[in-house]
Amino acid sequence: MRANGPEVTPERSRVADDRGNVHGVVVRVFGPVARPYYSVRPRRALTPAEGLRIIGSTLWVE
């Protein structure tokens with residue numbers, strides 16, 4: 001997951017989709033300061049179909 005700008009979301013923040021379904025938490029912030037990346041740990045193990053559905057989708061930090 002990549003940030004839209006330089007604002008850094010704190011670790012342990014919840015990550016949800018546009019419907020409000022929580023998918024996991026931010027466990028690591030890394031990369032360039034201007035637009036950092038987030039490593040997200042899923043709440044539970046995902047099936048391959050669920051993983052494909054999330055890839056490329058927009059996720060929001062609560």
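What follows draws every value from the coordinates through simple rules; no lab data is involved. What you see is a predicted model; the values in this text were computed from it and never measured. Here the Cβ positions follow ideal geometry from the backbone for every residue, glycine too, while neighbour counts run over all protein chains shown.
For a test of the definition: using alpha carbon positions, the gyration tensor, and the 1.5 limit on a/c, classify region 14-61 as rounded, prolate or oblate. Judged from the Cα gyration tensor, region 14-61 comes out prolate (a/c at least 1.5, a/b above b/c). Residues whose amide H comes within less than 5 Å of that of residue 24, counting only those at least five positions distant or on another chain, are 15, 43 (H built at 1.01 Å from N in the peptide plane).
In the chain, taking the dipole from charged Cβ atoms about the Cα centre, the farthest positive-side position among 13, 46, 56 is held by 46. Think of each Lys and Arg Cβ as +1 and each Asp and Glu Cβ as -1; about the Cα centre, that makes the dipole of the chain roughly 180 debye.
On full extension of the chain, what length is gained from residue 19 through residue 60, given 0.36 nm per residue of separation minus the C-alpha to C-alpha distance? Full-extension gain reported as 13.8 nm.
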